[in-house]
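The values are calculated or read from the model by the stated rules, or taken from the named source; none is laboratory data. Everything numeric here is computed off the predicted structure, so don't read it as measured data. Counting neighbours? That spans all protein chains shown, and the Cβs are built from the backbone with ideal geometry, glycine included. To get the accessible areas, we keep the full protein, side chains included, count just its heavy atoms, and leave off ligands, DNA and RNA. Shrake-Rupley method; radii C 1.70, N 1.55, O 1.52, S 1.80 Å.
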Amino acid sequence: MVFLPAFLQAEDMTFTTPSPCQPQAPKVNSGAMNRTLYTLLFHLCLPILAVRLWLRARKAPAYARRIGERFGFNLPPMQQGGIWVHAVSVGESIAAAPMIRELLVRYPQLPITVTCMTPTGSERIQAMFANESRVQHCYLPYDLPCASRRLLDHLRPRLLVIMETELWPNHIHQCALRGIPVALANGRLSQRSARGYGHFARLTQPMLAELSLLAIQTEAEAERFRQLRARPECVQVTGSIKFDLKVDPALVGRAAQLREQWQAGGRAIWIAASTHEGEDAIILDAHRRLLKTHCDALLILVPRHPERFADVLALSEQQGFPTVRRSLEQPVTAKTSVLLGDTMGELLFLYALADIAFVGGSLVANGGHNLLEPAALAKPVLSGPHLFNFLEIAAMLRTAGALQQVDDAEGLATAVQRLIELPRDATRMGEAGLAVMQANQGALERLLAGLGRLM
């Protein structure tokens with residue numbers, strides 16, 4: 001993800017352990033003019049942001065709430081002096097959860113503040129840490145110096161950890177002015193995003209130079225950061241912490257019990273998860289084709305964004321598929337053809353219910369989503385061709401024989417049908433994906449070691 005707000009957007013894995021990289025004091029006038037221009041543009045675009053929030057609130061009313069937090073006002077009471085973690089939305093929040101839990105253990109005296117930018121991310125953070133009094137939460141204010149100062153005055157953190165590549169020049173600069181180290185965790189940078197950074201080099205180079213640690217997923221992505229003038233001694237290839245996902249055996253047991261309740265032990269069940277607008281019609285077309293040969297097949301359809309749940313439900317029903325909603329706990333019967341996964345925080349459980357997994361955001365040019373969640377459950381994984389956010393992980397799974405790419409409804413239906421009819425192939429794919437997961441674990445420990453040096 002390019003760090004700029006939307007309205008401004010136009011190998012082999014090796015691990016290195018650099019020496020501790022201390023916060024760099026901002027140089028006088030270094031990038032100041034470009035940051036001033038950026039801030040001016042941000043102010044001028046605030047009316048556009050207001051309209052954008054209003055439009056989103058029409059489908060997801062939560063966007064109309066807690067507006068003050070987005071400007072650093074009306075922040076909830078918070079403990080000061082801890083660790084600040086920023087995870088933009090649901091995916092990053094889930095990825096950050098193991099790191100946050102380990103930080104709670106390693107620094108028992110410190111509070112941890114988790115910020116995000118979306119209501120769904122907020123709901124997920126609060127649900128994951130509902131029983132942890134040291135985890136506190138608010139929205140990340142817009143990237144305006146005054147809003148950033150208000151948040152920092154409120155938190156007074158010892159460290160900022162940013163998940164993946166959600167980099168904001170003013171927030172990072174305000175931390176640098178106060179001597180607060182900033183770490184990029186589980187960092188990734190596609191070629192397309194790197195080009196976006198390059199177009200604004202006079203703004204991005206000073207920002208990247210103010211980062212104290214860049215814990216990057218792959219060597220190829222680390223090299224892109226170096227070419228963009230991140231301090232080489234601060235760039236560390238740690239791998240992806242998504243490989244360190246641990247599946248609770250109880251979750252698998254609950255999924256098996258639910259399938260028994262559905263009397264679907266021998267029924268073919270496949271899931272299309274994290275789908276985006278434009279994909280659901282393709283997936284339903286594939287399911288219709290599949291039903292011609294496997295008339296009892298069940299599709300679990302999980303849209304990525306909650307505001308699309310109602311639209312996808314209407315689409316499925318309009319196309320004549322008997323559909324039930326997971327959120328209402330409606331029973332799945334022999335007549336049910338589609339189960340709409342319209343809940344939050346259950347994706348792993350829904351993957352566990354299925355025999356075959358298609359990961360969305362990949363039939364449209366969105367860049368794909370986390371392929372490792374179904375792999376961790378030993379499910380054969382299918383995706384579309386658009387995987388530019390996960391090129392290295394996709395290549396590893398494809399090389400191992402754990403991932404198959406499809407291009408359209410016909411290809412998807414054919415792939416699902418083959419895996420239903422050749423269960424040994426499905427098992428081999430699932431086992432290969434799990435082996436890739438296990439062979440690449442350890443990124444979380446490397447990341448935590450780097451954060452420890454900053455602490």
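Take the alpha carbon gyration tensor of region 292-364, find the square roots of its eigenvalues, order them as a ≥ b ≥ c, and report rounded if a/c is under 1.5; if not, report prolate when a/b exceeds b/c, else oblate.
Details: a/c = 1.26, a/b = 1.18, b/c = 1.07.
Cα axes put region 292-364 in the rounded bin.
Find the accessible area per residue for region 173-288; the probe is 1.4 Å, ligands and nucleic acids are left out, and the unit is Å². Walk me through the intermediate numbers first.
Values: 4410 Å² over 116 residues.
That works out to 38 Å² for each residue.
As an exercise, use a Förster radius of 51 Å and the Cβ-Cβ distance of Q109 and D285 to find the FRET efficiency, rounded to the nearest 0.05. Result of the calculation: an efficiency of 0.35. Using Cα pairs under 8 angstrom and six or more residues apart, how large is the relative contact order of region 243-358, in percent? Once normalised by length, the contact order is 35 percent. Inter-label distance, R192 to V364: 1.3 nm, where each label sits 7 Å from its Cα along the C-beta direction.
Report the FRET efficiency, 1/(1 + (r/R0)^6), for Q22 and F71, where r is their Cβ-Cβ distance and R0 is 45 Å, rounded to 0.05. Don't jump to the answer; show the numbers that get you there.
Values: r = 32 Å, r/R0 = 0.70.
My answer for the efficiency is 0.90.
The modelled label-to-label distance for the pair H154/L49, using points 7 Å beyond Cα in the direction of Cβ, is 1.4 nm.
Students often get this wrong, so check it: of K246/K379; K292/K335; K246/K292, which have C-alpha atoms separated by over 26 Å? Display every interim value, and only then the final one.
On the way: K246/K379 15 Å; K292/K335 15 Å; K246/K292 37 Å.
Violating the 26 Å limit, Cα to Cα: K246/K292.
Find the relative contact order for region 390-443 and round it to a whole percent, using C-alpha pairs within less than 8 Å whose residues are 6+ positions apart.
44 percent
Model label points for A256 and C295, set 7 angstrom from Cα along the Cα-to-Cβ axis, are 3.1 nm apart.
How large is the helix-only mean residue ellipticity at 222 nm for the chain, computed as the sum of -39500 (n - 2.57) over DSSP H runs with n ≥ 4, divided by its residue count, in deg cm²/dmol to the nearest 500? Before the final figure, lay out each step's value.
Numbers: 18 runs with 199 residues, N = 455.
Result for the chain: -13500 deg cm²/dmol, rounded to the nearest 500.
With R₀ fixed at 22 Å, the C-beta to C-beta distance from E445 to T399 puts the FRET efficiency at about 0.35. Close amide-amide hydrogen proximity is noted between A378 and L434, each under 5 Å apart and 5 or more residues distant or on a separate chain (H modeled in the peptide plane; Pro and chain starts excluded).
Stretched out fully, how many nm does the piece from E431 to Q80 gain, at 0.36 nm a residue minus the Cα gap? The partial results should precede the final answer.
On the way: separation 351, 0.36 × 351 = 126.36 nm, distance 4.56 nm.
Additional length available on full extension: 121.8 nm.
Here the Karplus relation 6.51 cos²θ - 1.76 cosθ + 1.60, evaluated at θ = phi - 60°, turns the backbone of region 119-132 into coupling constants of x, 5, x, 4, 4, 5, 4, 5, 5, 5, 10, 4, 9, 10 Hz, with x for every Gly and Pro. Normalised by the number of residues in region 338-455, the mean separation of alpha-carbon contacts (under 8 Å, six or more apart) gives a relative contact order of 24 percent. Packing order of peptides 212-218, 408-414, 362-368, highest average first: 212-218, 362-368, 408-414 (average count of other Cβ atoms within 10 Å over each peptide's residues).
When the chain is fully extended, how far beyond the present Cα-Cα distance does R229 get from R325, taking 0.36 nm per residue of separation? Don't skip to the answer; put the middle values down first.
Numbers: separation 96, 0.36 × 96 = 34.56 nm, distance 4.91 nm.
Going from the current span to full extension adds 29.6 nm.
When the chain is described by a simple charge dipole with +1 on each Lys and Arg Cβ and -1 on each Asp and Glu Cβ, the residue from A378, A426, V416 located farthest towards its positive end is A378.
Each Lys and Arg contributes +1 and each Asp and Glu -1, all at the Cβ; summed about the Cα centre of region 197-251, the dipole is approximately 220 debye.
Around the Cα centre of the chain, unit charges on the Cβ atoms of Lys, Arg, Asp and Glu (plus for the first two, minus for the last two) sum to a dipole of about 1220 debye.
From the residues L177, Q257, G91, which one has its Cα farthest along the dipole of the chain in the positive direction, the dipole being from +1 and -1 charges on Cβ of Lys/Arg and Asp/Glu about the Cα centre? Most positive-ward Cα: L177. Peptides 376-387, 226-237, 278-289, 72-83, ordered by how many other C-beta atoms sit within 10 Å of their residues on average, highest first, read 376-387, 278-289, 226-237, 72-83.
Note on region 59-149: with neighbouring protein chains present and a 1.4 Å probe, carbon and sulfur make up 55 percent of its accessible heavy-atom surface. Across region 252-257, rounded Karplus estimates of 3J(HN,Hα) from the backbone phi angles (6.51 cos²θ - 1.76 cosθ + 1.60, θ = phi - 60°) give 5, x, 5, 5, 4, 5 Hz, Gly and Pro being marked x. Only Lys, Arg, Asp and Glu carry charge here, each on its Cβ (+1 for the first two, -1 for the last two); on that basis region 200-356 has a dipole of about 160 debye about its Cα centre. Shown are I48, I300, whose ranking by accessible area with a 1.4 Å probe and every protein chain present, most to least, is I48, I300. In terms of the mean number of neighbouring beta-carbon atoms within 10 Å, the peptides 160-170, 104-114, 258-268 order highest first as 160-170, 104-114, 258-268.
Prolate is the label for the chain, because the ratio a/c of its alpha-carbon gyration tensor axes (a ≥ b ≥ c) is 1.5 or higher and a/b is greater than b/c.
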